[in-house]
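In what follows, a single structure is set out as structure tokens and then discussed.
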Amino acid sequence: MSDRLYRDKVCHFAHRPHTSCHRTATGAAGADHLFIKDDLAAWAGRNRLKGRATSRDLGSGPGDAVDFRVGAARQHVRFQFSRLAHPEWHLARQRLSSESATLDWVFGPGTAQPETMEELYDEYGYLLRFRFETHGAVRRIRLRAEDPRRSTDWAPLDACAMTPAGLRVPGAEPRRRSGTGPAAEAGARRGAALVRRSRAEQVLALKEALVSAARFRTRPTWEALARTAGSDLLGLSVPDRVGLLVAVERIGGGEGDPLLSALIRTGEGDPPPYAGDVVAAVGQGGPATAAVLRRWCRREADRAFAVYGVPSRTAPPRLPLTVDGQLAAQQSAEPAQRQTIVHVKGGLVRQSAARPKPEPKGLAGVPLLRDTEIRHALRSARQRRGPRPRYAAALMARAEEALTRLPEPQRTELVAEMATTRRWLESRPDTPARKPRQSRRARTADAKKTATAKQTTRAKKTQQGKKVKNPLQGARPLPGVGGAQPKKRPK
């Protein structure tokens, strides 16, 4: 390799010609784990921290993570560069927590799994992120805290501080629980076992935790709820969990309120099997299959996000269940016809805003289909029983109207289907006869002839209607005027 020194961009090493390299990151961000070590060393010196930064290889390279440890206080900050699965992150967090007094995990772009983010939201209230910005020949790190609703501004490392409770970013309000290591969790479980809360206190704490999860638009696991609502919930059996959740749904909830129990999920993201027992116990029906339960809980979670989220919005309707545990067919209700109220003397007169257009002649028996459905209707019309040619011919008229509204791919498919249907109609003896199609020039000539004939007929009628008045009308003619002969007297 040879070095490349620049004044206007990042200095780096380059391979000589005709060489191979197994590094996966070869862009400007490929050396960010080295730049962050320099930033952390300078930051620790300015803040008089006896810290040390070390690169970690988690399976894909030496730049997967960078650990920053403060020796005297046993504080640990990990900067995650590579994407880590949630189970692996959970195991690594337990191991590092047992070795440190405080542990902060800072994630790079796209390195945090959704399950990891939800767990940190539940415990801390926010997630720490970092990114790099290029300044001349170096790259500088920026940090911020974010939650589902908002995020702080990107701040340089000098604006952050290492406190006894851990790393702090400007603008972030910590919600850290006391004790983050497994020893502290074990002590909390032992203390909870000695002083066990009453059932009413557990119900209130569990509902508060579920409402908080809905406010942050997250779906926690039962273990995450136990960390928020109380560690004494962690060892409950399945029947006890069901009874507790049913009590949560019945306190202070109206008939149309969303079921908060639908927010609970397993590690795979699906609702737990006992969620169906909760749905049946509150009188909403029993889902027959896991797929029905998954879809029902997904809709109910969306309703909870809409009601308790910030800002709130109108909740979608609940999915009804049939007697056999299936999703009921949702029939779209017809929109109400708009009416205009006219104030006149003597009372109110209601007038319809729009009158329905009369159905075209010959299409009375053909349903109004969407433009994208006419092609399939033409195909099925050739296979139906009864007066197929007459029905198919009527559908062809619908297809002619839809050609002007369809985009090009669907329009080409519809034209091909119309050509097939037209050949099928011509091959059948029972197809109603139709007039031969004229060209545009012939139709124009016929229209001109018809207009000329109408104009001529109208002119003749006008001339016939105008009669010349006779000034001698009603007068007796004189003898010899007008060729009138005098009457001869009989002898």
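The values are calculated or read from the model by the stated rules, or taken from the named source; none is laboratory data. Since the model is a prediction, treat every value here as computed from it, not as a measurement. All Cβ positions, glycine included, derive from the backbone under ideal geometry; neighbour counts span all protein chains shown. We work out accessible area using only protein heavy atoms, side chains counted, and drop any ligands, DNA or RNA first. Shrake-Rupley method; radii C 1.70, N 1.55, O 1.52, S 1.80 Å.
Summing Lys and Arg as +1 and Asp and Glu as -1 over all other residues whose Cβ lies under 11 Å from the Cβ of ARG69 gives a net charge of +2.
Given R₀ = 56 Å, FRET efficiency for ARG379-SER151 by Cβ-Cβ distance, to 0.05? Once the sixth-power term is evaluated, E becomes 0.60. When ARG168, ARG215, ARG313 are compared by accessible area at a 1.4 angstrom probe, the order from most to least is ARG313, ARG215, ARG168.
Ordered by solvent-accessible area of protein heavy atoms (1.4 Å probe), largest first, the residues GLU255, GLU173, GLU115 come out as GLU255, GLU173, GLU115.
Heavy-atom accessible surface of ASP324, to the nearest 10 Å², is about 110 Å², with a 1.4 Å probe and all protein chains retained. Ordering 419-428, 75-84 by mean Cβ neighbour count within 10 Å, with the highest value first, yields 75-84, 419-428. Of the options TYR274, LEU234, THR218, report the single residue whose Cα projects farthest towards the positive end of the charge dipole of region 212-297 (beta-carbon charges: Lys, Arg +1; Asp, Glu -1). Farthest along the dipole direction, towards plus: THR218.
Compare the peptides 123-135, 403-415 by average per-residue count of other Cβ atoms within 10 angstrom and give them in order, highest first.
On the way: 123-135: 17.5, 403-415: 12.5.
In decreasing order of mean packing, 123-135, 403-415 become 123-135, 403-415.
Does region 51-163 classify as rounded, prolate or oblate by the C-alpha gyration tensor (a ≥ b ≥ c root eigenvalues; a/c under 1.5 gives rounded; else a/b over b/c gives prolate, otherwise oblate)? Write down the numbers at each step before the final one.
Values: a/c = 1.24, a/b = 1.10, b/c = 1.13.
Rounded, since a/c falls under 1.5.
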